[in-house]
Structures are given as C-alpha cells and as structure tokens.
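Peer 1: Take a look at the following structure, please.
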2 protein chains.
Amino acid sequence: MAEASPQRTDVNELGEFGLIEHLTKQRPETTQHASTIKSIGDDAAVIDQGDALTVVSTDMLVEGIHFDLMYTPLKHLGYKSVVVNLSDIYAMNAQPEQITVSIAISNRFSVEALEELYDGIYTACRYYGVDLVGGDMTSSPRGMVISVTAIGKGTREKLTYRNTAKVGDLLCVTGNLGAAYLGLQILEREKQLYLSNPGIQPDLEDQDFLVGRQLKPEARRDMIELFAKNQLVPTAMIDISDGLASEIFHLCQQSGTGAFVEESGVPIHPDAELMALKFQLDPITCALSGGEDYELLFTIDPADVDKVKYLPDIYIMGEMTRPEDGIKLHTKGGNIHPIKAQGWRHFGGGA
Amino acid sequence: MAEASPQRTDVNELGEFGLIEHLTKQRPETTQHASTIKSIGDDAAVIDQGDALTVVSTDMLVEGIHFDLMYTPLKHLGYKSVVVNLSDIYAMNAQPEQITVSIAISNRFSVEALEELYDGIYTACRYYGVDLVGGDMTSSPRGMVISVTAIGKGTREKLTYRNTAKVGDLLCVTGNLGAAYLGLQILEREKQLYLSNPGIQPDLEDQDFLVGRQLKPEARRDMIELFAKNQLVPTAMIDISDGLASEIFHLCQQSGTGAFVEESGVPIHPDAELMALKFQLDPITCALSGGEDYELLFTIDPADVDKVKYLPDIYIMGEMTRPEDGIKLHTKGGNIHPIKAQGWRHFGGGA
C-alpha cells in the first residue's frame, strides 16, 4: 500500500556521519530552547539547567552489527553497553550520573539470559557510580537491540567540546590503541574455526588483555579525575570509538584545523603489536582504524604541557596544524602520509 | 561457544512490567545519587538539577512489533515516535524541551525514506516545541528500530507521579478512548485483504478520525497548559499507552488504592462506538484494553472538582477506593465487574 519513493539513494553512499549530517542539518528550527547549548555533532548534547549543565549521550547496539552473542557473554554485553555511553560523557569532561536502558529482545532469550545482561548493566552502574533510572523493554521479531542514554553533569568552565581545538595545540591520547580490534580478530577467527568444526575448543592463546579490551572495555573516568586534580582543561576532546583516524578527523573538521601525528607517539600495547604481526596487519593501521578502544583523544594548550608530561597513561602524539596542511602521519620510516578517516562502516550488511 | 543457561524461564511468563520489575528490583545500589529523585516505575525519571527538575523518558519502537510499514507512512512514524515520548513527559505534568533519536535500519531503506522519517520527527519537534539534540544512527541486519529519549523540565510543586493518588480522589480522563485501537483494526483488515488480493485498493471507509488516531496520535500538551491555567495539580497522573485498564491498574498498584469506574463515564467517540460494533467488539473493551490513545489518566482531590467540571475534553469517570475494594467497573447495565489489566502483550511473537 505504501508507495516506493521515486528516487532511491543508498545509505552507504553517505555513511553514518554523512547521513546524520544530511538528515539533521539545514533545519532552521533545530534549536527552539535557550537551554539547548549543544546539539547534534559532539559526543553528547548539553542542556542548561540553571545551576548545572546537563550532558546527554545515547548509543544503540544491535545484535549482528555491534555484537555477536556467539562469543559475547551477556554480562559483558550489558557492561559494555553502559561503558560506551559513559565514555561519551567523560569525553565532554563531565560526570555521568544516570542512565536509561531500553532493550528489544526476541523470545529466544530467557529471563535468566536477561538477568545476566542486567547483572552486567548494574555492575557497570556500581563501578562508575551511575543510577539506572528508566528505560523500556519490548519484544523484537528477531535479535537483540540495546539503547542506552547517559545523563551527566558538567560545568561551564570544564565542559570540553570537539570544535574548540586551536592551531598549535598539542594532540594527546590516553591508554593504548588497536587492542580491542585485535581482540575482535581473535574472537572472529575462533568463531570461524568453531563453525567449520564444532568439535574443537576455542584457542584464545591466553590473550586476556586483547580479548578483554574487546569484550569488557572501560571508560576513562580516571583520566577526567586526573585532569581535575592537575587543573587541566583540554581545549577539545572526543572519545575513540570508531578508531583514531576517524576521531582525529572529527576534531579537525569541527575545529577547522589540520593535524600532524607522529607514528612513534601513537601508543600501542606490546600484545597488540605482536598480535597484529601474527595477523599480518600493520600495528599502526589497527590503531588508526580499529576502533572500540574508548580512550580519550584531546588537545591541550602548549602552555599546559607540564601538566601532562609526567602523567601516567597520557601520550603526546602530535600537534594541531593549519587546516590547509591537512591531517598527516609522520611515519617511523620518516615518510609523511595523509591520514584517511575510515572508522567502521556500519551500513555494510543486511537486507 | 557460549553455553546455554541451565534454567530457562520464558519471558512471556513475566510480561513486560513483570520483567522490568524482576530485573530492576532488589538492587540495593539502584540509587547512588541524591539527584536521582524518581527512578524506574513512573512515566519518566526525575533528576534534581538544582533550580529545576529534569524529567527523562525513553521508548523503543520496533518494526513488526509496534509498527507495520505496509500501512504506516514513514513521516507519520517519525511523528508518532516523538509523540509517544512527549506524552510520558506531559504525564509527569512537565514540559518536554529536548529529544534524542537513535535509529537502526537495514539497507533496504533509502536516504529518501529516512528523509521522510526525519520530516515527521522535525514536524513533531516544531509542533511541540522541542529540540532534537542528539542520537545515534546505525545499521540493523533487518528491520527498523527507533529509540527516542525525551528530556523535560518540571517543578517540585507541579510534578505528578503515579503513586500519589488517595482514596476518595476523583478519577479523570482526557479525550476519548479506543479509537486508536479501532483504527489499527481497519488498517490490519485492509492489509489482510491486500495480501490475499494485491489488486484491490484499500477501503479505509473515510475513517480519517480512527485511522488518524492510530497513525498520527497527539500528546496532550494542551491539557497540561489547561491545568496550569486553572491552578489544578492532579494528585496522580499517567498517560494511556497500553489501554485504560492497564493504566488504572498501575495507578492503583503504585498508590495502594482500588478504583471504581462508571462505564457511562468512559468517553468513547461515536465513530469508535460504531466501528467497534461493526467489528463485533464491545466498545468498552476497546476503550479498556485497546491502548495507544495517549490520553491522560489522572486523579484529583475532590475539593478541586469545580476546577475540572466545566473544562472541555475532561471526563470524571470514577473514584479511587480502598485497596481491598479492588478495581471495579460499574456497567451501564448495572452490574459490577472487576477490571483486569490487559494492555498489549509485547512478548507474543517472534523467534
């Protein structure tokens, strides 16, 4: 009864970010409330509530796209679905306080399975000090969808956006990159082996670190606290969910800058380095395009360099440059390559 | 690789509300923040932000469960997905100001289809005066899932919960009930006819009112404004999404009361009455169990009766009674029947 549109543009032509931009830009009515301080285009929206600023972030995880229940324990899935949202709030230099969780499930899931999922959700709530305050629970014709919204509090002085990096700012990153992607490669390899021969046992090669980074990531609350302790307010910040290259691209695009990154400054864990080579992958490519590390990428005023230099788990890996200089990687071999934003393409499969 | 749970309880055994209660109750750590004023169990969560109270509500709409794209225009779907959330905020006697929208879609949807969906979303934003401030866009292996979170503002004096009705309070309802359900019956009938004979044209019998109530419902912002104008603060309130019976049940269960409802006081539109008879359905059953009317069900102090008596589109249909009296319907025929909470069972189908 419903008619097909005369024109048909495939969503793949635009990709996730292009699609959101296409659908939400050029809407003059977008902001009707003075309380809407920051809308679409950052890690989270910011709402002025008088005394405090409310920061809101939301993410949707879809079975078969973002997680595979063949190797993802439901408790870890619940935990991760909270963490990826909290990571967005921390990336605003704000503190998450509440979450809502909506879940669609087919009736192939039992109450016991949901209990495991909620165990993970509540474990994350306890660990990060947030309250689960609401949500929705509904059935789905097939598969599981989890949508989490995180609500946090921030102050005008501390909130950190994506579009406020300046030319000359130092580009920093927390932790290490690429490990979550390599953990996923191990899990996918074992899944394929298992599918072709269900008799064999998975061999995760004692790669607890890499597999753990994929299945049970953490958000960098500790870094936000470290910033506060050292009176450091980054000039811009974003969390690394889609891969370093993609996030650098967002920072540069929104701030109107370029970036110059030293390959030697990109932190990669030794386990990730070794596993990349085992998979015949370039470690730096895993770090640039892997995604799901949930580390923080941020810029600081060069005058603040002493506040960062001796902090643990923070790495200065480059500098923000003029926009016409583009986004460049200075390789260990001495070459200079443009960095392309790849990230994960979420519109690959399905029908 | 993942092992099955030793015990398996079907989600149908608990139903939506039982399931949420089961999964979220008896978690001592539920509330860690003093700012969490109201958690799971009402139309929306309430967060103390200093000057104002922030009200947060979220709903998930799943293709094949909540909507059928065979007869739901995408623009209407976008509109409705916003309205059902705003309705929850109004049911708190609060004003929605922002929404986030997360969408999972398979690549069977084109960019043009998504534009239609967003047209509906933005039309609702404009009409109700809310800002779309964020969200997520991802792919899904099949079908569409829409998750909307609405954020509103309320005051301590006016916010209206579900658990604060008192014995002796008058039970009131806005608008009319059962029409959305009958609109759905018409659409479903025409869909079946079309499926068995794709050559025929759907005959909606000029039932614009009934079909419109299903496809393009409105939230009762006007009623919240009317309350304010008349200095009326209901003692308890809930919106009617799952059917009158189910919502009365929630009010009574949470407030610790019973209810006595006059069938003659339940407002049913003449078109709904006639169509119910045509479908050989009892009109009062459609009103009690149909759902999706998005009207407001509320209780008032009997001392406030004069504030309500002459207001348009508000009907006094009963009274809150002692809990031991149960929830009863006084039929037009003079009989007294217990009302059973039915609502829609969302865990019916699928695999």
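The values are calculated or read from the model by the stated rules, or taken from the named source; none is laboratory data. Computed from a predicted model, the values in this text were never measured in an experiment. Cβ: placed from backbone, ideal geometry, glycine included. Neighbour counts: every protein chain shown.
Peer 1: List every residue pair whose Cβ atoms sit under 7 Å apart, with the two residues 6 or more apart in sequence or on different chains, where the first one lies in segment A:266-277 and is acidic (Asp, Glu) and the second, anywhere, is at pLDDT below 95 and assigned to a loop (DSSP other than H, G, I, E, B).
Peer 2: What qualifies is A:ASP271/A:GLN207.
Peer 1: Sticking with this one: Determine whether B:ASP131 is within 30 Å of A:ASN12 (Cβ to Cβ) and either over 19 Å from the mean Cα position of the chain (by Cα) or basic (Lys, Arg) (or both). Before the answer, list the steps.
Peer 2: Working: within 30 Å of A:ASN12 (Cβ to Cβ): yes; either over 19 Å from the mean Cα position of the chain (by Cα) or basic (Lys, Arg) (or both): yes.
For B:ASP131, the condition - within 30 Å of A:ASN12 (Cβ to Cβ) and either over 19 Å from the mean Cα position of the chain (by Cα) or basic (Lys, Arg) (or both) - is met.
Peer 1: Every residue in segment B:173-199 that is surrounded by fewer than 23 Cβ atoms within 10 Å (Cβ to Cβ) and under 23 Å from the mean Cα position of the chain (by Cα), please.
Peer 2: Once the filter is applied, which keeps residues that are surrounded by fewer than 23 Cβ atoms within 10 Å (Cβ to Cβ) and under 23 Å from the mean Cα position of the chain (by Cα), segment B:173-199 yields B:GLY175, B:ASN176, B:LEU184, B:GLN185, B:ILE186, B:LEU187, B:GLU188.
Peer 1: To continue, here is another question. Enumerate the strands (runs of 3 or more DSSP E) found wholly within segment A:123-220, keeping only those where 2 or more residues are within 12 Å of another protein chain (Cβ to nearest Cβ).
Peer 2: Here the list reads A:131-139, A:144-154.
Peer 1: Something else: Limited to segment B:1-31, what total is found for residues that are at pLDDT below 75 and polar (S, T, N, Q)?
Peer 2: Going through segment B:1-31 one residue at a time, the tally reaches 4.
Peer 1: Starting from residues that are assigned to a helix (DSSP H, G or I) and within 22 Å of the chain's Cα centre (by Cα), keep the ones in segment A:99-122 and report whichever is surrounded by the most Cβ atoms within 10 Å (Cβ to Cβ).
Peer 2: Checking each candidate, the answer is A:ILE121.
Peer 1: Next up: Give the residue that is surrounded by the fewest Cβ atoms within 10 Å (Cβ to Cβ), with candidates limited to residues of segment A:251-265 that are of a type in the set (S, T, N, Q) and touching a residue at least 60 places away in the same chain (Cβ under 8 Å). It would help to see each step written out before you state the result.
Peer 2: We begin by selecting, within segment A:251-265, every residue of a type in the set (S, T, N, Q); these are A:253-255, A:257, A:264.
If we keep only those that are touching a residue at least 60 places away in the same chain (Cβ under 8 Å) too, we end up with A:254-255, A:257, A:264.
Working: A:GLN254: 17, A:SER255: 22, A:THR257: 24, A:SER264: 11.
Looking at residues that are of a type in the set (S, T, N, Q) and touching a residue at least 60 places away in the same chain (Cβ under 8 Å), I get A:SER264.
Peer 1: While we're looking at this one, here's another question. What's the number of the only condition in (1) closer than 21 Å to B:ILE224 by Cβ; (2) at pLDDT below 90; (3) not aromatic (Phe, Trp, Tyr) that B:VAL173 fails to meet?
Peer 2: Failing condition for B:VAL173: (2).
Peer 1: So which residues in segment B:143-160 are surrounded by fewer than 24 Cβ atoms within 10 Å (Cβ to Cβ) and under 22 Å from A:ILE151 (Cα atoms), if there are any at all?
Peer 2: Residues satisfying the conditions are B:LYS153, B:GLY154, B:THR155, B:ARG156, B:LEU159.
Peer 1: Just checking, which of B:ILE268, B:ILE316, B:ILE284 is outside any helix (DSSP H, G or I), buried (at least 17 other Cβ atoms within 10 Å of the Cβ) and not charged (D, E, K, R)?
Peer 2: That would be B:ILE268, the only listed residue that is outside any helix (DSSP H, G or I), buried (at least 17 other Cβ atoms within 10 Å of the Cβ) and not charged (D, E, K, R).
Peer 1: Among the listed residues B:TYR71, B:TYR127, identify the single one that is in contact with a Leu (Cβ under 6 Å, 6 or more places away or on another chain) and either in the same structural domain as B:SER139 (by TED's automatic domain parsing) or closer than 23 Å to A:ALA45 by Cα (or both).
Peer 2: Within the list B:TYR71, B:TYR127, the selection yields B:TYR71.
Peer 1: Say we look at segment A:207-221 and pick out the residues that are touching a residue at least 60 places away in the same chain (Cβ under 8 Å) and surrounded by fewer than 19 Cβ atoms within 10 Å (Cβ to Cβ); which of these is nearest to A:ALA94 (Cα to Cα)?
Peer 2: That would be A:ARG221.
Peer 1: Which residue is nearest to A:PRO338 (Cα to Cα), if the candidates are limited to segment A:258-314 and must be in contact with a Lys or Arg (Cβ under 8 Å, 6 or more places away or on another chain) and β-branched (Val, Ile, Thr)?
Peer 2: A:VAL261
Peer 1: (1) loosely packed, with under 14 Cβ neighbours inside 10 Å; (2) among the charged types (D, E, K, R); (3) in a loop (DSSP other than H, G, I, E, B): which one isn't true of A:ASP306, the others all being true?
Peer 2: (3)
Peer 1: If you don't mind, there's one more thing I want to ask. With B:GLU273, B:GLU247 as the choices, which residue is of a type in the set (D, E, K, R), in a helix (DSSP H, G or I), touching an Asp or Glu at 6+ places or on another chain (Cβ under 9 Å) and on the phi < 0 side of the Ramachandran plot?
Peer 2: Numbers: B:GLU273 fails: touching an Asp or Glu at 6+ places or on another chain (Cβ under 9 Å).
When all the criteria are applied, what remains is B:GLU247.
Peer 1: Right, next: Across segment A:225-244, what is the number of residues that are crowded, with 22+ Cβ neighbours inside 10 Å and not in a loop (DSSP other than H, G, I, E, B)?
Peer 2: Count: 6.
Peer 1: Taking the conditions exactly as written (in contact (Cβ under 8 Å) with a residue 12 or more places away in the chain, charged (D, E, K, R) and within 25 Å of B:CYS172 (Cβ to Cβ)), does B:ASP42 satisfy them or not? Can you show your working first?
Peer 2: Values: in contact (Cβ under 8 Å) with a residue 12 or more places away in the chain: yes; charged (D, E, K, R): yes; within 25 Å of B:CYS172 (Cβ to Cβ): yes.
Considered against the rule, which asks whether it is in contact (Cβ under 8 Å) with a residue 12 or more places away in the chain, charged (D, E, K, R) and within 25 Å of B:CYS172 (Cβ to Cβ), B:ASP42 comes out as yes.
Peer 1: On to the next question. With the requirement that a residue be facing another protein chain (nearest Cβ under 7 Å) and surrounded by fewer than 23 Cβ atoms within 10 Å (Cβ to Cβ), what does segment B:40-58 give you?
Peer 2: B:ILE40, B:GLN49, B:GLY50, B:ASP51, B:ALA52 - these are the residues of segment B:40-58 that are facing another protein chain (nearest Cβ under 7 Å) and surrounded by fewer than 23 Cβ atoms within 10 Å (Cβ to Cβ).
Peer 1: Name every residue in segment B:85-96 that is surrounded by 24 or more Cβ atoms within 10 Å (Cβ to Cβ) and either farther than 9 Å from B:GLY152 by Cα or of a type outside the set (A, V, I, L, M) (or both), in order of residue number. If you could, list the steps in order and put the result at the bottom.
Peer 2: First pass over segment B:85-96, keeping only residues surrounded by 24 or more Cβ atoms within 10 Å (Cβ to Cβ): B:85-94, B:96.
Listed by number, the residues that qualify are B:ASN85, B:SER87, B:ASP88, B:TYR90, B:ALA91, B:MET92, B:ASN93, B:PRO96.
Peer 1: Scan segment B:306-326 for residues that are closer than 28 Å to B:LEU86 by Cβ and not basic (Lys, Arg) and jot them down.
Peer 2: Once the filter is applied, which keeps residues that are closer than 28 Å to B:LEU86 by Cβ and not basic (Lys, Arg), segment B:306-326 yields B:VAL308, B:TYR310, B:LEU311, B:PRO312, B:ASP313, B:ILE314, B:TYR315, B:ILE316, B:MET317, B:GLY318, B:MET320.
Peer 1: Related question: Here are some conditions: (1) within 10 Å of chain B (Cβ to nearest Cβ); (2) in contact (Cβ under 8 Å) with a residue 40 or more places away in the chain. A:ILE37 meets all but one. Which one does it not meet?
Peer 2: (2)
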